[in-house]
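The values are calculated or read from the model by the stated rules, or taken from the named source; none is laboratory data. Predicted model, so just to flag it, every value in this text is computed and none were measured. Neighbour counts run over all protein chains shown; Cβ positions are idealised from the backbone, glycine included. Please note that ligands, DNA and RNA were not included when accessible areas were found on the heavy atoms of the full protein model with its side chains. Shrake-Rupley method; radii C 1.70, N 1.55, O 1.52, S 1.80 Å.
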Amino acid sequence: MENLKLEELFQEKLDREEKIEPKDWMPEKYRKHLIRQVSQHAHSEVIGMQPEGNWITRAPSLRHKVVLLAKIQDEAGHGLYLYSACETLGISRDELNEQLHTGKAKYSSIFNYPTLNWADIGAVGWLVDGAAIVNQVSLQRTSFGPYARGMVRICKEESFHQRQGYEIMAEMAMGSQEQKEMAQDALNRLWWPSLMMFGPHDADSPNSGNAVKWKIKRESNDELRQKFIDKTVDQAKVIGLSIPDPDLKWNEERGHYDFGEINWDEFYQVINGNGPNNVKRLAHHKRAHDEGEWVREAATAYARKQTIKKNVA
Amino acid sequence: MSDNQLPLWEVFIQSKTGLPYKHVGSVHAADAEMALQNARDLYTRRNEGRSIWVVPSDAIVASVPEDEDSFFDPSDDKIYRHPTFYEMPKGAKHI
């Protein structure tokens, strides 16, 4: 069958809300778009372990420490679910790693910001995971089967992440004056970068056109950002913190909060590698991968030896 | 670039006795034992399963999506395989 006819059938299938599975015919551009998006998502989960790992040894109590460890372990798991989904598109894990290391593949810019103190761990869980959940809930309906199924698993696990972050923020906001100031300071620093996680305005979003047509993306950047703002503003009120945006105001007519303009210059600076921690994050990932080489070698050698033993016996 | 990623295994989980095994995703591992342990760590962190199968991905044989229509065609016209095909006399119960 010629490609034009195949593409028509493909679109009809999507319009009937049927999922696309790995072995189904798909346009090359659909495959490429998904590899780019799913790998970026996977890399974000894995790189996202670093700013939080930074605080494991300094968690203020044993409870906080086991919780943080479990959360970071989940992030590794989420990265692996997504790599597994991405590999069904015909790209190897080696290639995915290489694309991350050469900078060809990106990860979410938010993880290039540092976590300066314990309140930042609270803010990351509450805001960064909170923003990720809004995005991921929407992606549960994405058109590629393995990606959608991965999202369902991830969403089930994420709400623990957001709640642990919000609990930390609540504890600090209701603590001493100094603790409250730390919580407010963390919110001040991480609020805008969290809003940037949803990407450029719809009008300036270069990858959206086909993604909407192909039902990879089910809601627009601006729609998702608005959802996140609407629910987070009220959560801030509950714990007595204020959102660092003088233009933030409830709009009765729209039924949503209006908010100020995002500093897009900062967004593109960080995407293009000039954020506070871009170099450090990648260097750490490369080092961890290289230092794991002997483990992979030993595991392979052991497996080979076991096979030989079995064949001889 | 050398192949660094270890072989691929597909993972199937049974969540409770009596239920079927369900495909959940894949893991990379050097051997079967490592594949089982990796699958446990990755896919059952919250008691999602009580039994796991791991199968080398290249051992799975699958039907081809493009052949879907012709491959499943033999069952398309045999409506008499369904109970609704049969006319029951009025008043017949429990059948």
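Observations, loosely collected:
- Loop-resident GluC sites (Glu not before Pro) (DSSP state other than H, G, I, E or B) in segment B:57-95 with no more than 10 further Cβ atoms inside 10 Å of their Cβ: B:87.
- Computed [θ] at 222 nm, deg cm²/dmol, the protein assembly as shown (DSSP H ≥ 4; -39,500 (n - 2.57); rounded to nearest 500): -17500 deg cm²/dmol
- Values of log10 I(q)/I(0), in the order q = 0.10, 0.13, 0.17 Å⁻¹, for chain B under a Debye, Cα-only, solvent-free model: -0.52, -0.69, -0.85
- Taking every alpha-carbon pair in chain A and binning the separations at 10 Å intervals from zero gives 5, 24, 32, 23, 11, 4, 1, 0 percent.
- Shape analysis of segment A:87-180 places it in the oblate category; the axes a ≥ b ≥ c from the Cα gyration tensor give an a/c of at least 1.5, with a/b not above b/c.
- Evaluating kT/(6 pi eta Rh) at 10 °C and 1.306 mPa s, with the Kirkwood radius of segment B:8-63 over Cα pairs in the Stokes-Einstein relation, gives 140 µm² s⁻¹.
- Residues of segment B:1-33 whose accessible area, computed with a 1.4 Å probe over protein heavy atoms, drops by at least 30 Å² once all protein chains are present relative to their chain alone are B:1, B:4, B:5, B:6, B:26, B:28, B:30, B:31.
- Relative contact order computed over chain A (Cα-Cα under 8 Å; 6+ residues apart), in percent: 18
- The share of C-alpha pairs in segment A:1-121 whose separation exceeds 19 Å stands at 58 percent.
- Environment charge at residue B:56 (Cβ cut-off 14 Å; Lys +1, Arg +1, Asp -1, Glu -1): -4
- Rel. contact order, % - alpha carbon contacts under 8 angstrom, at least six apart, segment A:1-86: 33
- The lysines within cross-link reach of residue A:106, meaning a Cα-to-Cα straight distance under 20 Å and a gap of 8 or more places when in the same chain, are A:29, A:32, A:217, A:280, A:286.
- Scattering curve values for segment A:268-313, log₁₀ I(q)/I(0), Debye with Cα scatterers, q = 0.16, 0.23, 0.28, 0.29 Å⁻¹: -0.60, -0.79, -0.91, -0.93
- Over all Cα atoms in segment A:1-67, the spread is summed up by Rg and Dmax: 20.9, 63 Å.
- The long axis of helix B:32-43 is offset from the longest Cα principal axis of chain B by roughly 70 degrees.
- Only lysines eight or more places from residue B:90 in sequence, or on another chain, were considered; those with a Cα closer than 27 Å are B:78.
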